Amino acid sequence: MSLAADYNIALVGCGTVGSGVARLLLEHPERLASRAGRRLRLCRVVVRDPAKPRAAAVPPELVTTDFEAVLRDPRIDVAVEVVGGTDWARRAVLDLLAAGKDVVTANKALLALHGAEVFAAARRHGRAIGFEASVGGGIPIIAALTQGLAANQILSLQGILNGTCNFILTGMTERGTSYASALADAQRLGYAEADPTLDVDGTDAAHKLAILAQIAFGVAVPFAAIPRRGIAQIDQADIRYARELGYTIKLLAEAWYDPNDGRLALHVAPVMLRHLAPLALVRDAYNALFVVGDAVGSTLYYGRGAGQMPTASAVVADLIDLAIGRGQLTFRSLELWSDQAQTVSLRPPGTVPSRFYLRLLVEDRPGVLAEIARILAHHQISISSVIQHEAVDGPDGDVVPLVILTHQAPTGNFLATLAELNGLSCVTAPSVYYHVAD
Ligand code: NAP
Ligand code: HSE
């Protein structure tokens, strides 16, 4: 086979993901050359500390701290930004585009917060951006939405998009692992963000949902408008009650589009799913996403959502696409973050209906259950089931947990009910609630 000129790559960042990309490029040159029709050549690797050991056998002469050298090097066709964050990385990506380099990035925070700016810069400079690795780790979900499902009006997305949270919840649910120790394991395995708060408070999943919503619904979703809750407050008690009721708790990112009124509802939140629901069976750092389109119906995507090699797989797929010239065509055809993208009409979160799980800590005395039922009824919230186990003697005295599952109600009604319940003298601690999906 005769190959075209080498495709020259700079790696900017060589941590968890960057080392995986370097490994694929250095360990499988023949395979990648045959797929791309030209050799993918790693020319420079920019890091902060060149003395740090790497999980890839990068030739020392390639390693540098001189990012400007990448900008000046006319041989370099593409740069892979796997540094993370939105300050240095934003400037670096804008500089790379201005210097005439295409960019591949795994940085969902950058795209969710500054996508409009970096996509406009790419268009202005006639360059392309590949971002398959920014959502779903190794799952080719960006390609599925932009290419495979291009004929559809997407109606809904429902997915597990944060590997760290799913790993923690799986450990807490199946192995009784503590939250802190499961999070430490996720960090050691390279799943977590440099600041893991972004994982556990739902921000990372919301970044990914903002990117998917842009692609799926062709509309600019302001990231700050996505309601989000994380998993840090989930207690072993809730996991036990969920199990007793036949549910598993997962952190879900969800979006529902109503073509009749053009409104989009979306959120990131812990949701109780039936034990055998497909997303309830997604374990550890795996991700999965249901996508419903008007022509195709339901589709499901599943795979490793975080970690070195799955994410590197997505980055290198983008490099191959760009080396072939396909990535540039796809990028040009996307209207993402362009001036043409309309502003979505977001459905007010309070109007979105849901079932709810509610755990109250209440005084164990006559009339308490009736008082709580009266407030729920006042807000038109119907009870589906109740659990109150007998009180056991303990430090809390005559206080018992009361667990209620509701039928569907508008989220706003439920939150107003919650506020009123928390104000009762018989409710002794802030109440806990989760969405319930059936
Ligand atoms: P990481 O392990 O912390 O690696 C970051 C790399 O960037 C390190 O090599 C670091 O250099 C380098 N770096 C930091 N600041 C720099 C600077 N100012 N100049 C040059 N190099 C700099 O991060 P990661 O887990 O690979 O994540 C990278 C990106 O991929 C993030 O946007 C993340 O959200 C995204 N991502 C990660 C995963 C995952 O599973 N980890 C999956 C999908 C997407 P030193 O090594 O010398 O410190
Ligand atoms: N921290 C992210 C996660 C990495 O756990 O899903 C993959 O984007």
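The values are calculated or read from the model by the stated rules, or taken from the named source; none is laboratory data. All values derive from a computational prediction rather than experimental measurement. Neighbour counts run over all protein chains shown; Cβ positions are idealised from the backbone, glycine included. Only protein heavy atoms, including side chains, enter the accessible area calculation; ligands, DNA and RNA are left aside. Shrake-Rupley method; radii C 1.70, N 1.55, O 1.52, S 1.80 Å.
Residues checked against (1) under 19 Å from Y257 (Cβ atoms); (2) more than 13 Å from the chain's Cα centre (by Cα); (3) open to solvent by 10 Å² or more (accessible area, probe 1.4 Å); (4) modelled with pLDDT under 95:
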residue	(1), (2), (3), (4)
A116	no, yes, yes, yes
S134	no, no, no, no
I141	yes, no, no, no
Q147	no, yes, yes, yes
G163	no, no, no, no
G171	no, yes, no, no
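Look at V63 and say whether it is over 23 Å from R326 (Cβ atoms), among the β-branched types (V, I, T) and open to solvent by less than 20 Å² (accessible area, probe 1.4 Å). No; evaluated as a whole, the condition is false for this residue.
Condition check for A205 on (1) near ligand 2 (Cβ under 10 Å from one of its atoms); (2) closer than 29 Å to P349 by Cα; (3) open to solvent by 10 Å² or more (accessible area, probe 1.4 Å): one failure, at (3). Residues in region 3-34 that are within 17 Å of G325 (Cβ to Cβ) and either surrounded by 17 or more Cβ atoms within 10 Å (Cβ to Cβ) or without any contact (Cβ under 8 Å) to a residue 12 or more places away in the chain (or both): Y7, N8, I9, L32, A33. Against the list (1) crowded, with 24+ Cβ neighbours inside 10 Å; (2) within 14 Å of ligand 2 (Cβ to nearest atom), the condition V104 fails is (2). Just one of (1) surrounded by 24 or more Cβ atoms within 10 Å (Cβ to Cβ); (2) touching a helix residue (DSSP H, G or I) at 6+ places or on another chain (Cβ under 6 Å); (3) under 20 Å from L405 (Cα atoms) fails for V271. It is (2).
Given the structure, is A186 assigned by TED's automatic domain parsing to the domain that holds K250 and within 16 Å of ligand 2 (Cβ to nearest atom)? Spell out how you get there, then give the answer.
On the way: assigned by TED's automatic domain parsing to the domain that holds K250: yes; within 16 Å of ligand 2 (Cβ to nearest atom): yes.
When the stated conditions are applied, A186 passes them.
Of all positions in region 42-49, at least one carries a residue that is more than 11 Å from ligand 1 (Cβ to nearest atom) and not charged (D, E, K, R).
Select from region 312-329 the residues that are among the β-branched types (V, I, T) and open to solvent by 10 Å² or more (accessible area, probe 1.4 Å) and write down the one among them that is nearest to ligand 1 (Cβ to nearest atom). Per the stated criteria, the residue is I320. If you scan region 39-89, which residues turn out to be out of contact with any strand residue (DSSP E or B) (no Cβ under 9 Å at 6 or more places or on another chain) and of a type in the set (F, W, Y)? W88, the sole residue that qualifies.
The residues in region 355-370 that are within 11 Å of V400 (Cα to Cα), of a type outside the set (D, E, K, R) and touching a helix residue (DSSP H, G or I) at 6+ places or on another chain (Cβ under 7 Å) can be counted, and the count is 2. All told, V93 falls short of being out of contact with any Gly (no Cβ under 8 Å at 6 or more places or on another chain) and either surrounded by fewer than 24 Cβ atoms within 10 Å (Cβ to Cβ) or farther than 30 Å from P222 by Cβ (or both). Is it true that some residue in region 292-299 is in contact (Cβ under 8 Å) with a residue 24 or more places away in the chain and buried (at least 22 other Cβ atoms within 10 Å of the Cβ)? No, every residue in region 292-299 fails to be in contact (Cβ under 8 Å) with a residue 24 or more places away in the chain and buried (at least 22 other Cβ atoms within 10 Å of the Cβ).
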